[in-house]
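So the structure is just underneath, and the comments pick up after that.
The values are calculated or read from the model by the stated rules, or taken from the named source; none is laboratory data. It should be emphasised that the depicted structure is a prediction, and the values quoted were computed from it without experimental measurement. With ideal geometry, Cβ positions are generated from the backbone for all residues, glycine too; neighbour counts draw on all protein chains shown.
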């Protein structure tokens, strides 16, 4: 049995430090226990030996420097929300969270962005009630932080991710670790199970686990 490292009580006791820490801790109290107590993908020893190597392809470096801008789409073009809505990957929870956060218009009108998109199955690994807590109006800032941790600047396609072994900044600030392993890609402890690049303003990579923003901001 995997032991949880933090308790909700310990998280809540620290919420007076700052507004930023407060939002991180609200998220922690909702999700950290779920991530800490759930079975996670693991790397074999050869993968661990390579984990210290820092590799950033030119395409990823360029995307990190790119500033998203308004990108109106024509009638025959798809935007990121179209791709999510049309995907055969289960996506209802992600759409609900994006709408509640107010980020949906950005993903329709701006870009390019890369979305690290947990499937409904990924969200279902969280305990009952976690998403309900994130959807409370009082936790709106934590919801936005959580979703922005799943967004990267620029269009980073699957091939570029395959050749990456480095931390890449998110729109939330803290980075995610992208690592190509053979013909597969991991983002933190999540696996990329499918990629869709038909949006005119970005790309969607579907994940089998939810990503957890770090406590330190």
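Based on this model, can you work out whether residue 191 counts as in contact with a strand residue (DSSP E or B) (Cβ under 8 Å, 6 or more places away or on another chain) and modelled with pLDDT under 95?
Values: in contact with a strand residue (DSSP E or B) (Cβ under 8 Å, 6 or more places away or on another chain): yes; modelled with pLDDT under 95: no.
For residue 191, the condition - in contact with a strand residue (DSSP E or B) (Cβ under 8 Å, 6 or more places away or on another chain) and modelled with pLDDT under 95 - is not met.
Inspection of segment 185-201 finds a residue satisfying the criterion of being over 21 Å from residue 95 (Cα atoms) and assigned to a loop (DSSP other than H, G, I, E, B).
What number of residues within segment 107-123 satisfy the criterion of being surrounded by fewer than 21 Cβ atoms within 10 Å (Cβ to Cβ) and at pLDDT below 95?
Final tally of qualifying residues: 4.
Looking at 205, 209, just one residue is modelled with pLDDT of 95 or more, closer than 22 Å to residue 103 by Cα and part of a loop (DSSP other than H, G, I, E, B), and that residue is 209. Can you tell me which residues in segment 110-130 are more than 15 Å from the chain's Cα centre (by Cα) and free of Cβ contacts under 8 Å to residues at least 60 places away in the same chain? Answer for segment 110-130, where residues must be more than 15 Å from the chain's Cα centre (by Cα) and free of Cβ contacts under 8 Å to residues at least 60 places away in the same chain: 124, 128, 129. Here residue 132 meets the list (1) under 17 Å from residue 200 (Cα atoms); (2) assigned to a helix (DSSP H, G or I) almost entirely, failing just condition (1). Say we look at segment 136-150 and pick out the residues that are free of Cβ contacts under 8 Å to residues at least 60 places away in the same chain and under 17 Å from residue 213 (Cβ atoms); which of these is surrounded by the most Cβ atoms within 10 Å (Cβ to Cβ)? The qualifying residue surrounded by the most Cβ atoms within 10 Å (Cβ to Cβ) is 143.
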